[in-house]
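Just below is one structure, and these are the notes that go with it.
Derivation of every value follows stated rules applied to the coordinates shown; laboratory data play no part. Predicted model, so just to flag it, every value in this text is computed and none were measured. Note that we place each Cβ from the backbone using ideal geometry, even for glycine, and neighbour counts take in every protein chain shown.
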Amino acid sequence: MVRRAYARKEVVLSAGAVDTGLAEALAALGRGAATAPRGPGGNAWVRLREGDPTFPDMQFLIASLSIGVDFGLLISPTVGFKREVYNDYFKPYQGQEGFNIGPMLTVPKSRGSITLRSNDPADPPLIDPNFLSHPDDVELFLEGVKFALAIGNTTVMRERIGARFNDRPVTGCKHLSYGSDDYWRCFIRRMASTTYHPAGTCKMAPESDPGSVVSSRLLVRGVSGLRVIDASIMPFITSGNTNAPSIMIGERGADFIKEDHGFI
């Protein structure tokens, strides 16, 4: 059954970076722009555990649990580790107490994409996060891993807490010299996971930018009466949590709507 809803003034898309990006791509298809899509093809940002050099480019998440604390039932599949990685690296310590010091990139340079699988809106989109495609992201992670190891190897961690790093070589990296930079680069590519916060699939930018999807008033270019108000309009992902900026975008978008329709 097809249901139709009609708007007298405008339609607001606030479905999040994934579904809003999908809806915009479908809208582009409907207006004959599928051969030259704007935006969703290559500006999708996802937080991984080119920014202004004055801002921090890394933070650390310290979690008071180990991946194997639940015997591989929840955390490992949620993070996305392959079973062979869990069995080889985490299973020997499953059920034991532990903690994680996880470096996280706050200004990743790698960009992903969301594209249509078909012209059927019920088909799930093709999502390519494209993690670690930019070499600078890997090198920054390398610095973060070394810093985390230095924290774990302090006297207070080792002698007072009894902390020991899980130094089992990771599956897929055993051919490399353990502890070398190349080993850790391999480790990063095998073990990195997302902390979510997708953004940027419907980029706000000047019309001269070929990746621009919405104007500075969050109106979708090439479509009358369609506005996007969520994290998908971010040209760049924020270095902090995206929650507060998303609220700000909502507040600003609400003002735009009221201004454009004569309420303020």
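Just a few scattered comments:
- Approximate spin-label separation Glu84-Lys258, in nm, with each point projected 7 Å along Cα-to-Cβ: 5.8
- Cβ-Cβ distance of Ser193 and Phe236, R₀ of 22 Å, FRET efficiency by 1/(1 + (r/R0)^6): the value works out to about 0.50.
- Efficiency of FRET between Glu143 and Gln96 - r from beta-carbon atoms, R0 35 angstrom, step 0.05: 0.75
- Whole-Hz ³J(HN,Hα) from phi, Karplus 6.51 cos²θ - 1.76 cosθ + 1.60, for the range 221-233, glycine and proline x: 6, x, 10, 7, x, 10, 10, 10, 9, 5, 5, 5, 7
- At an R0 of 25 angstrom, the distance between the Cβ atoms of Asp120 and Val11 translates into a FRET efficiency of 0.75.
- Taken over the alpha carbons of the chain as equal point scatterers, the Debye sum produces base-10 log I(q)/I(0) values at 0.07, 0.11, 0.12 Å⁻¹ of -0.33, -0.73, -0.83.
- The H on the amide N of Val11, modeled in the peptide plane, is under 5 Å from the matching H of Leu226, Arg227, each at least 5 residues off or on a different chain.
- Taken over the C-alpha atoms, the range 58-191 has Rg and Dmax values of 17.2, 61 angstrom.
- No disulfide-compatible partner, judged by a Cβ distance under 4.7 Å, exists for the following cysteines of the chain: Cys202.
- Diffusion constant of the range 200-255 at 4 °C, which comes from Stokes-Einstein with the Kirkwood Cα-pair radius and 1.567 mPa s, µm²/s: 114
- Residues whose amide H falls under 5 Å from that of Gly98, counting only those 5 or more places apart or on a different chain, are Ser66, with hydrogens built in the peptide plane.
- 3J(HN,Hα) along the range 124-129: x, x, 8, 10, 10, x Hz, from the Karplus curve 6.51 cos²θ - 1.76 cosθ + 1.60 with θ = phi - 60°, whole Hz, x for Gly and Pro.
- Summarising the label geometry, the points placed 7 Å from Cα in the beta-carbon direction at Arg4 and Asp128 lie 3.7 nm from one another.
- Taking packing as the residue-averaged number of other Cβ atoms within 10 angstrom, the listed peptides 80-89, 17-26 run from highest to lowest as 17-26, 80-89.
- Rounded to the nearest whole Hz, the Karplus-based 3J(HN,Hα) values (6.51 cos²θ - 1.76 cosθ + 1.60, θ = phi - 60°) of the range 113-121 follow the sequence 8, 10, 10, 6, 7, 7, 8, 8, x, with x at glycine and proline.
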